[in-house]
1. When you go through V8, V90 one by one, which is the residue that is assigned to a loop (DSSP other than H, G, I, E, B) and at pLDDT 95 or above?
2. Show the residue pairs meeting these rules: Cβ distance below 9 Å; 6+ apart or different chains; first residue within the range 194-209 and over 17 Å from T97 (Cβ atoms); second residue within 8 Å of the ligand (Cβ to nearest atom) and outside any loop (DSSP other than H, G, I, E, B).
3. Only one of (1) out of contact with any Gly (no Cβ under 7 Å at 6 or more places or on another chain); (2) at pLDDT 95 or above; (3) surrounded by fewer than 16 Cβ atoms within 10 Å (Cβ to Cβ); (4) part of a helix (DSSP H, G or I) is not met by K221, so which one is it?
4. Mind checking which residues of the range 131-174 are within 24 Å of K228 (Cα to Cα) and not in a loop (DSSP other than H, G, I, E, B)?
5. Mind listing whichever residues of the range 180-218 are small (G, A, S) and assigned to a helix (DSSP H, G or I)?
6. May I ask you to list the residues in the range 77-89 that are near the ligand (Cβ under 10 Å from one of its atoms) and in contact with a strand residue (DSSP E or B) (Cβ under 9 Å, 6 or more places away or on another chain)?
7. Quick check on the range 64-72. Is at least one of its residues over 17 Å from the mean Cα position of the chain (by Cα) and of a type in the set (K, R)?
8. Can you list residue pairs whose Cβ atoms sit under 9 Å apart, with the first residue in the range 145-163 being over 13 Å from P135 (Cβ atoms) and the second being part of a helix (DSSP H, G or I) and more than 16 Å from the ligand (Cβ to nearest atom)? Count only pairs 6 or more apart in sequence or on different chains.
Amino acid sequence: MKTYKQIVKEYLRKLKDITHIPQKETEILLLYIIEQNIIWLHINYNKPCSIDTEQKLKKLIEKRSVNYPIEYITKKATFYGEIFKVEQGVLIPRPETEILVDKAIEILEKIENPTIIEIGTGSGIISIMIAKLIPTSKIIAVDINKKALILAEQNAIKHNVNNQITFLQSDLLSNISQDKFNVLISNPPYIASNFTLPLNVKYEPSNALFGGDIGDELLKKIIIEFSKKDIKYLLCEMGYDQKKPLNNFINKNISYKSLEFYKDLSNLDRGFILSV
Ligand code: GLN
């Protein structure tokens, strides 16, 4: 029988073209199958790996080798140093969205018992991190996708903040009767529909990625919905090329106190904070 070490060495080759960390990913898939952690693997590297485990690994490696996201295989993703459940049909958390959470925290820290509404909560990462970091906050998190809401609720329970967050199915704010919040936050779909996605992204739900023909259509709708309610701050993530059009749109449609655009770690425009 082959050892775990031999197995890892053999299968990582199949992932060389799709990831820069083929060994790490092979280990992650192996550990997912045998339900062990990396320390266990290092101790047992020279122990035999069962045929059954190898067969299962082979299947997962095949899946991964056509760019199927590893997060959908292991049903886990890391965001803000925490582990969240993910599944196909719901967007995988992106590291740049951590900046949006940081921007929200800066504002929310200064507000007593803040109330927040999130549009398009997906796996729930934004609302859940806010709830964890601001324990006095109360949040309504909406999504149009029922599957996302079920997942988000499971993540809120896992992180022990389900008492702070109400999850509701709603297309933008159409089902929300409450008129007053401190903050509206959203990482909506903002990619233009004719944009060719990288291979790994094509397995993610298009309704979480595409914002319309131009891309910023939903962001503009969110800005309008925000202006119709009594909300002081709007924080959104956006596409790298949407600063100018959104700046123009806001100036044309809203009278505001301040508008700040922020960049991501690649120095690309990535979002804005509007206060009225
Ligand atoms: N709010 C979720 C996230 O930031 C989902 C976003 C989306 O599906 N567009 O990951």
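1. V90
2. Correct list of pairs: F195/L209; L197/L209.
3. All conditions are met except number (3).
4. Going residue by residue through the range 131-174, those that are within 24 Å of K228 (Cα to Cα) are 137-145, 165-174.
Scanning the range 131-174 gives K138, I139, I140, A141, V142, D143, I165, T166, F167, L168, Q169.
5. Residues satisfying the conditions are S206, A208.
6. Of all residues in the range 77-89, those near the ligand (Cβ under 10 Å from one of its atoms) come to 77, 79, 84, 86.
A77, F84, V86 - these are the residues of the range 77-89 that are near the ligand (Cβ under 10 Å from one of its atoms) and in contact with a strand residue (DSSP E or B) (Cβ under 9 Å, 6 or more places away or on another chain).
7. yes
8. none
The values are calculated or read from the model by the stated rules, or taken from the named source; none is laboratory data. Model, not experiment: these values are computed from the prediction. Virtual Cβ from ideal backbone geometry, glycine too; neighbours counted across all protein chains shown.
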